[in-house]
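Computed from the coordinates by the stated procedures, all read-outs in this text should not be read as laboratory data. Please read all numbers here as calculations on a predicted model, not as lab measurements. For neighbour counting, all protein chains shown are included, and Cβ atoms are generated from backbone atoms with ideal geometry for every residue, glycine included.
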Amino acid sequence: MPDKSSEDLLREALDKQSVTDPMIRAGLAAITMGESKMQGYTEQGYAHTSNARIRQVFGRRVAGLSDDELTALKASNRNFFNWVYGAQFEHIHHLGNTQPDDGLNFRGRGFIQLTGRANYTRYSHKIGRPDILVNPDLANDPEIAAQLAVAYILDRYHGGGFEALMASVGNNTSDIAATKRTYFARFMTNGEFAVATGGSGEPDRGSGESGSGDHRVLRLHDKGAPVKALQEALIAAGFDCGPRGADGEFGGDTEVALAAFQGLRGLPMTSIADAATLAALGLAT
């Protein structure tokens with residue numbers, strides 16, 4: 001039997017920890033994609049990362065360093081991780097790194113880049129794998145990484161929707177946050193991480209017009225001038241419809257863009273352009 005995919009392992013972890021809320025399931029999957037593409041790996045060094053990007057990611061932890069000092073610091077992985085995750089910043093990130101080399105040894109790993117001795121301790125015990133503390137690289141094992149991701153976010157999320165769920169993981173730069181929002185829109189639309197029901201997992205999009213008899217509804221696979229107008233409106237609103245732009249074909253990129261727009265406007269994230277959605281985009285119906 002072939003190895004299970006990371007996606008399947010995350011679904012299993014969600015099921016095992018009794019997560020049924022579709023928003024949390026889609027949101028958690030989106031966060032893991034934005035953090036690591038749902039791949040377990042150890043946080044890499046920053047020797048070849050620009051100082052500007054490092055300052056964007058680590059903020060106050062490097063704010064007091066000159067460019068020359070930061071350049072010298074990032075040349076050594078040991079020095080860099082022990083600095084940015086060190087005890088001197090415990091008031092900022094509460095990682096519990098108090099022993100020599102804790103910053104290096106407990107740097108980011110797994111689907112959500114779990115960081116810090118305190119987090120490794122708490123969540124390894126929550127999933128019944130205390131051996132992770134002895135061998136932190138176990139956090140990169142896909143099955144363990146999936147379990148850790150679910151346990152961590154469930155423990156830290158206390159309601160408030162996807163933005164609060166995303167904030168529960170920690171710092172998000174603007175580009176990483178945008179990536180997570182895009183994945184969230186996609187997963188809410190296609191139901192890829194919804195609780196299995198025995199069907200295809202795809203939401204019912206219907207095969208023709210809407211049940212209300214509205215002939216102006218636009219959906220996946222539609223084509224023509226109305227679709228092009230929809231795409232132009234989405235692009236004008238700041239949503240990417242893919243490399244082909246407003247080509248008049250309602251494909252997957254338009255589907256994701258539409259769901260993201262609907263979510264931002266508080267509309268049901270169906271990826272179907274009904275009368276309410278078209279009106280919100282300023283398109284006559």
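Brief remarks on what is shown
- Net charge contributed by nearby residues that have their C-beta within less than 9 Å of Val227 (K/R +1, D/E -1): -1
- The chain - convex hull of alpha carbons, volume per residue in Å³: 164
- A Gaussian network model of the chain, with springs between Cα atoms under 10 Å, assigns the largest mean-square fluctuation among Ala75, Ala257, Ala273 to Ala75.
- Computed over region 45-149, the ratio Rg/Rh where both radii use C-alpha atoms and Rh is Kirkwood: 1.00
- Structural size metrics of region 225-280, computed from C-alpha coordinates, are Rg and Dmax of 9.9, 27 Å.
- Amide H contacts of Leu114 (H built 1.01 Å from N, in plane; Pro and chain starts excluded): Arg109 sit under 5 Å, all sequence-distant by 5 or more or on other chains.
- Applying the Karplus relation 6.51 cos²θ - 1.76 cosθ + 1.60 with θ = phi - 60° to region 33-38 yields 3J(HN,Hα) values of 5, x, 7, 8, 6, 6 Hz, where x marks Gly and Pro.
- For the chain, built as a Gaussian network whose Cα springs stay under 10 Å, the top-fluctuating residue of Ile24, Ile92, Ile132: Ile92
- Using alpha-carbon coordinates, inclination of helix 174-190 to the longest axis of the chain, degrees: 50
- Dipole size of the chain about its Cα centre, with +1 on Lys/Arg Cβ and -1 on Asp/Glu Cβ: approximately 560 debye, rounded to the nearest 20.
- Gaussian network model of the chain, Cα within-10 Å springs - most flexible of Val169, Val19, Val134: Val134
- DSSP loop trypsin sites (Lys or Arg not before Pro) with at most 16 other Cβ within 10 Å excluded, longest remaining stretch of the chain: 38-204
- At full extension, His48 and Ala275 could sit 76.7 nm farther apart than now, given 0.36 nm per residue minus the alpha carbon distance.
- Charge context of Asn105, other residues only, Cβ under 15 angstrom, K/R +1, D/E -1: -1
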